[in-house]
Amino acid sequence: MLTQLADETAYRELVANTQGSDRLVMVEFAGAECRACQKMAPKLAQLARGWPGVDFYQILVEENVDFFKSIGVERAPSFQIVSAGTVEELFACGPSKIPLIREKLLQHGSHRQSHQRLRRLSARLRGWGRMPSLGSSA
């Protein structure tokens, strides 16, 4: 499911809130009257269900034309991947290119998930160092 962002302020808050976290966010820049965006909607909903570790958002061009231009969105639908307070990538993508979105999520998600796994493993190893040895008496 895509959560609606009302404006630039909501978008900037979202990006700021990803800072210092492992959250991966995908933002769709869409138009209410855009046919490609309308065709994309059910495909994105399905895609979002398959990526529970990714938060999906949408912001509409009609109320945010100047903002879209200021961040380099040239056409709808376009997508942005955000992680750790940083815009990782901005790309245009129509309904026939859903595999491109999957590829981008794998690329950015795999990197983030690898870091999560390493942190969990590191924490476990530190915990093992504190365990009493088997030969010690109580």
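The values are calculated or read from the model by the stated rules, or taken from the named source; none is laboratory data. Worth saying up front: this structure is predicted, and the values here are computed from it rather than measured. When we count neighbours, we look across all protein chains shown, and the Cβ atoms used for this are built from the backbone with ideal geometry, even at glycine.
Filter region 57-106 down to residues that are under 14 Å from CYS37 (Cβ atoms) and among the small types (Gly, Ala, Ser), then give me how many there are.
Residues meeting the conditions: 5.
What tally of residues in region 72-87 results from selecting those that are touching an Asp or Glu at 6+ places or on another chain (Cβ under 9 Å) and under 22 Å from THR18 (Cα atoms)?
The number of residues fulfilling the criteria is 7.
Got at least one residue in region 76-84 being over 18 Å from LEU2 (Cα atoms) and either modelled with pLDDT under 90 or of a type in the set (Asp, Glu) (or both)?
Yes, region 76-84 has at least one match.
Output the number of residues of region 73-86 satisfying the condition of being touching a strand residue (DSSP E or B) at 6+ places or on another chain (Cβ under 6 Å) and either surrounded by fewer than 15 Cβ atoms within 10 Å (Cβ to Cβ) or free of Cβ contacts under 8 Å to residues at least 12 places away in the same chain (or both).
Going through region 73-86 one residue at a time, the tally reaches 1.
Which condition number does PRO95 fail, the rest of (1) closer than 18 Å to TYR11 by Cα; (2) surrounded by fewer than 18 Cβ atoms within 10 Å (Cβ to Cβ); (3) in contact with a Pro (Cβ under 9 Å, 6 or more places away or on another chain) being met?
(1)
Quick one: how many residues across region 53-71 are surrounded by fewer than 19 Cβ atoms within 10 Å (Cβ to Cβ) and more than 18 Å from ASN17 (Cα to Cα)?
Total meeting the criteria: 8.
Scanning region 8-42 for residues that are of a type in the set (D, E, K, R) and surrounded by 13 or more Cβ atoms within 10 Å (Cβ to Cβ), which turns out farthest from ILE59 (Cα to Cα)?
For region 8-42, the residue satisfying everything is ASP22.
For region 51-71, name all the residues that are modelled with pLDDT under 95 and among the small types (Gly, Ala, Ser).
GLY53
Given the options GLN46, GLN113, GLN38, name the one that is at pLDDT below 90 and more than 20 Å from THR9 (Cα to Cα).
After applying the criteria, what remains is GLN113.
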